[in-house]
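Okay, so here's the structure we're looking at.
The values are calculated or read from the model by the stated rules, or taken from the named source; none is laboratory data. This structure is a prediction, so every number in the text was calculated from the model and none was measured. Don't worry about glycine lacking a Cβ; one is built from the backbone with ideal geometry, like all the others, and counts go over all protein chains shown.
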């Protein structure tokens, strides 16, 4: 191990030759993968010693979390995740995670995310299962069945989308749990709603503090309203930080409410919250897929029912795989709203091929085949990219086109014996874009 460490450190300390950055990053990833496999192999043994009491007698710590925190020098949160995975592996509760990790389809962090998410969801389902009557239990999976189905869904999700991150795995857990426990979203909403509150506290400097807490679904409404009233960055307010612009937006919302409280006809709503509701779910089938926002947040049925009378409904027709194809031609470069909604169907994050956690609502819609190269403004030719990766894609494409042009330019110069850029050569330079 010491020899391997010295080799890895020596490799990492070398100067990176020009053009080799991609290979070096890939090698770093493989080194980290091997380190993960070593730590993973220790976890079941630690859980076994915890169960027998040897961890306390010989290691001086009562729990795996405490031992890992002190011996490995990790944070308590990371130690808790590793301990949860260790106990699940020792009890053989996650066989698919074991198989996926050994086949290198999962990293250690992803295995921990699946273990902790599954354990938390299963613990809650255990309480629901114990309170249910015989009819309820006949229609719902058992505790072990719940755990197995959730694990299967998360492993399949990871294999289908290899670039998803730990955050996206945790978000996917909420979606799968909503399928296995259809009443969970409404149950969570009711519990959090009972604890809702807002508190104004005056400060000594003649100011005030505002604190609000409540259901996460209501937060989607608040964020949509704030987004509608928040001024974007511009020349006139470039120096104003985001938190101050949000404050200004809240004041505009309050002023608008006061100005229209006695209007016979309310003004048209400025805020927009896009919620996708499967038709079966809309018609009352609780076994269908749950309603979600464009960022993948599960919305409870009671909130959908409350918003529907004052909302605009748009119909989407999908194929058997749940994908909507909507082509409006290429007469316009900017995709209209129906095309953007269709292109982003069930894609709550930036679609960069190496993975990205930027939510869809903060991202941009990009032509896969550039519009300037004949790409259509259609759902099939649109992808969601955050601003960083949208610009990076353009830079990489420009860099590639420049290399192609330089290759043809050099080849043409060699064939003609003249500089084709001087204007008197026989050959013509290659176009600046790839064919």
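Would you say residue 3 is free of Cβ contacts under 8 Å to residues at least 12 places away in the same chain, over 33 Å from the mean Cα position of the chain (by Cα) and exposed (fewer than 10 other Cβ atoms within 10 Å of the Cβ)? It would help to see each step written out before you state the result.
Details: free of Cβ contacts under 8 Å to residues at least 12 places away in the same chain: yes; over 33 Å from the mean Cα position of the chain (by Cα): yes; exposed (fewer than 10 other Cβ atoms within 10 Å of the Cβ): yes.
Spelling it out, residue 3 is indeed free of Cβ contacts under 8 Å to residues at least 12 places away in the same chain, over 33 Å from the mean Cα position of the chain (by Cα) and exposed (fewer than 10 other Cβ atoms within 10 Å of the Cβ).
Report yes if residue 252 is over 20 Å from residue 274 (Cα atoms) and in the same structural domain as residue 124 (by TED's automatic domain parsing), otherwise no. Give the steps one after another, and end with the answer.
Numbers: over 20 Å from residue 274 (Cα atoms): yes; in the same structural domain as residue 124 (by TED's automatic domain parsing): no.
No: the conditions fail for residue 252.
State yes or no: is residue 113 touching a residue at least 40 places away in the same chain (Cβ under 8 Å) and either part of a loop (DSSP other than H, G, I, E, B) or within 24 Å of residue 157 (Cβ to Cβ) (or both)?
Details: touching a residue at least 40 places away in the same chain (Cβ under 8 Å): yes; either part of a loop (DSSP other than H, G, I, E, B) or within 24 Å of residue 157 (Cβ to Cβ) (or both): yes.
In short, yes.
Just give me the residues in segment 252-280 being part of a helix (DSSP H, G or I), modelled with pLDDT of 85 or more and in contact with a helix residue (DSSP H, G or I) (Cβ under 9 Å, 6 or more places away or on another chain), in sequence order. Spell out the reasoning first.
Start the filter on segment 252-280 by keeping residues that are part of a helix (DSSP H, G or I), which leaves 252-259, 279-280.
Now drop any that are not modelled with pLDDT of 85 or more, which leaves 252-254.
Across segment 252-280, the qualifying residues are 252, 253.
Kindly indicate the residue of segment 80-128 that is surrounded by 18 or more Cβ atoms within 10 Å (Cβ to Cβ) and more than 18 Å from residue 44 (Cα to Cα) and also nearest to the chain's Cα centre (by Cα) among those meeting that condition.
117
Output the helices (runs of 4 or more DSSP H) that fall wholly within segment 156-245 and possess 3 or more residues being farther than 25 Å from residue 118 by Cα, or say none.
Values: elements: 166-180, 184-194, 216-229.
Because the criterion is at least 3 residues that are farther than 25 Å from residue 118 by Cα, the helices (runs of 4 or more DSSP H) in segment 156-245 that meet it are 216-229.
Look through segment 157-182, keep the residues that are free of Cβ contacts under 8 Å to residues at least 24 places away in the same chain and farther than 15 Å from residue 289 by Cβ, and return whichever of them is surrounded by the most Cβ atoms within 10 Å (Cβ to Cβ).
My answer is 161.
Scan segment 192-209 and give yes if some residue there is surrounded by 12 or more Cβ atoms within 10 Å (Cβ to Cβ), at pLDDT below 95, more than 21 Å from residue 99 (Cα to Cα) and not assigned by TED's automatic domain parsing to the domain that holds residue 119, otherwise no.
Let us first name the residues in segment 192-209 that are surrounded by 12 or more Cβ atoms within 10 Å (Cβ to Cβ), namely 192-193.
Checking the rest, the ones that are also at pLDDT below 95 come to 192-193.
Next, from what is left, pick out any that are more than 21 Å from residue 99 (Cα to Cα): 192-193.
If we keep only those that are not assigned by TED's automatic domain parsing to the domain that holds residue 119 too, we end up with 192-193.
Taking every residue of segment 192-209 in turn, at least one turns out to be surrounded by 12 or more Cβ atoms within 10 Å (Cβ to Cβ), at pLDDT below 95, more than 21 Å from residue 99 (Cα to Cα) and not assigned by TED's automatic domain parsing to the domain that holds residue 119.
Out of segment 396-409, which residues are modelled with pLDDT under 80 and either surrounded by 12 or more Cβ atoms within 10 Å (Cβ to Cβ) or under 38 Å from the mean Cα position of the chain (by Cα) (or both)? Quick ask: steps written out before the conclusion?
First, pick out the residues of segment 396-409 that are modelled with pLDDT under 80: 397-409.
Selection gives 397, 398, 399, 400, 401, 402, 403, 404, 405, 406, 408, 409.
State whether one or more residues within segment 21-39 are in a loop (DSSP other than H, G, I, E, B), surrounded by 10 or more Cβ atoms within 10 Å (Cβ to Cβ) and not assigned by TED's automatic domain parsing to the domain that holds residue 97. Please lay out each step first, then the result.
In the first step, residues of segment 21-39 are kept if they are in a loop (DSSP other than H, G, I, E, B); the result is none.
No: segment 21-39 contains no residue that is in a loop (DSSP other than H, G, I, E, B), surrounded by 10 or more Cβ atoms within 10 Å (Cβ to Cβ) and not assigned by TED's automatic domain parsing to the domain that holds residue 97.
Among the residues in segment 48-56, are any over 28 Å from residue 150 (Cβ atoms) and not in a helix (DSSP H, G or I)?
Within segment 48-56 (the criterion being over 28 Å from residue 150 (Cβ atoms) and not in a helix (DSSP H, G or I)), the answer is yes, since at least one residue qualifies.
Taking the criterion of being outside the structural domain of residue 174 (by TED's automatic domain parsing), loosely packed, with under 15 Cβ neighbours inside 10 Å and modelled with pLDDT of 85 or more, would at least one residue in segment 372-381 satisfy it?
No, segment 372-381 contains no residue that is outside the structural domain of residue 174 (by TED's automatic domain parsing), loosely packed, with under 15 Cβ neighbours inside 10 Å and modelled with pLDDT of 85 or more.
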